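Accompanying notes for the structure given below.
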């Protein structure tokens, strides 16, 4: 019986060609564990937030997992699985003629280990920000990890570089943190993107009327995406020291959301 966090046969058929292990030509080295069982073990840790040593016995012992598993290479595993689900979603967008993704947001800093890269101080302590773009269905279409210190308006171009669709959105919707003249100008000149965000209280001269701001009422969809991600307990608090491993865990969570939508009944 398939567990809650495990991949279905349809999900595995999509991901398996990318995660297929490459054996040494001379046949030397430790025998490979079952790749699907290893990935299901990683997803179990991602979903439950448990420690690696608490893996159930039905999964291979994590000490015997070869690279790119487990924690030291979860980033590579997450990137490969994320790329597979993204390619399937891209084909779905082309088939349906839909590449409308425009919600922009960031989560509050994830706290845990106070060491490693992409950890910065804030008023409430040290942490890491997760910046994400989502479409009208709350599906994650771009995600990046940054330090908690920089302001959100300085991180928009970085998350645009992590997008996988062929077309950029015509507009982005964000909260008051993205109300910046510099950001509006840079996005319009470099990417041809209109930034829609309500004005902060200190602004005296409005830069946009109420008509574009009507779209801001649908911004809750990106917040729903973060609520879905927090179902994976490993993402609520950052426990990974290396930023690429934490990003890999975030990508695995996004992969699960995309796969459940693509293979919805």
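Report yes if residue 182 is surrounded by fewer than 20 Cβ atoms within 10 Å (Cβ to Cβ) and touching a residue at least 24 places away in the same chain (Cβ under 8 Å), otherwise no.
The answer is yes for residue 182.
Give all pairs with beta carbons closer than 7 Å in which a residue from the stretch 28-39 that is on the phi < 0 side of the Ramachandran plot and loosely packed, with under 10 Cβ neighbours inside 10 Å meets a residue that is in a loop (DSSP other than H, G, I, E, B) and modelled with pLDDT under 70; count only pairs at least 6 apart in sequence or on separate chains.
30/66
Considering only residues that are part of a loop (DSSP other than H, G, I, E, B) and surrounded by 12 or more Cβ atoms within 10 Å (Cβ to Cβ), which ones fall in the stretch 208-229?
208, 219
In the list 56, 60, which residue meets the criterion of being within 28 Å of residue 228 (Cα to Cα), over 21 Å from the mean Cα position of the chain (by Cα), modelled with pLDDT of 90 or more and not in a helix (DSSP H, G or I)?
56
Which of the following residues is at pLDDT 85 or above and in a strand (DSSP E or B): 187, 183, 172? Please lay out each step first, then the result.
Details: 187 fails: in a strand (DSSP E or B); 183 fails: in a strand (DSSP E or B).
Within the list 187, 183, 172, the selection yields 172.
Conditions (1) assigned to a helix (DSSP H, G or I); (2) loosely packed, with under 14 Cβ neighbours inside 10 Å, marked per residue:
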residue: 117; (1), (2): no, yes
residue: 126; (1), (2): no, no
residue: 132; (1), (2): no, no
residue: 138; (1), (2): no, no
residue: 141; (1), (2): no, no
residue: 153; (1), (2): yes, no
residue: 167; (1), (2): no, yes
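Surrounded by fewer than 18 Cβ atoms within 10 Å (Cβ to Cβ), touching a strand residue (DSSP E or B) at 6+ places or on another chain (Cβ under 9 Å) and at pLDDT below 85, is that true of residue 241?
Spelling it out, it is not the case that residue 241 is surrounded by fewer than 18 Cβ atoms within 10 Å (Cβ to Cβ), touching a strand residue (DSSP E or B) at 6+ places or on another chain (Cβ under 9 Å) and at pLDDT below 85.
Look through 138, 144, 163 and report the one residue that is at positive phi and within 15 Å of the chain's Cα centre (by Cα).
On inspection, the qualifying residue turns out to be 138.
Quick check on residue 252: is it in a helix (DSSP H, G or I), touching a helix residue (DSSP H, G or I) at 6+ places or on another chain (Cβ under 9 Å) and farther than 15 Å from residue 129 by Cα?
Here the answer is yes, as residue 252 does meet what is asked.
The values are calculated or read from the model by the stated rules, or taken from the named source; none is laboratory data. Since the structure is predicted, the reported quantities are computational estimates derived from the model, not experimental observations. Every residue, glycine as well, gets a Cβ built from its backbone with ideal geometry; the counts of neighbours run over all protein chains shown.
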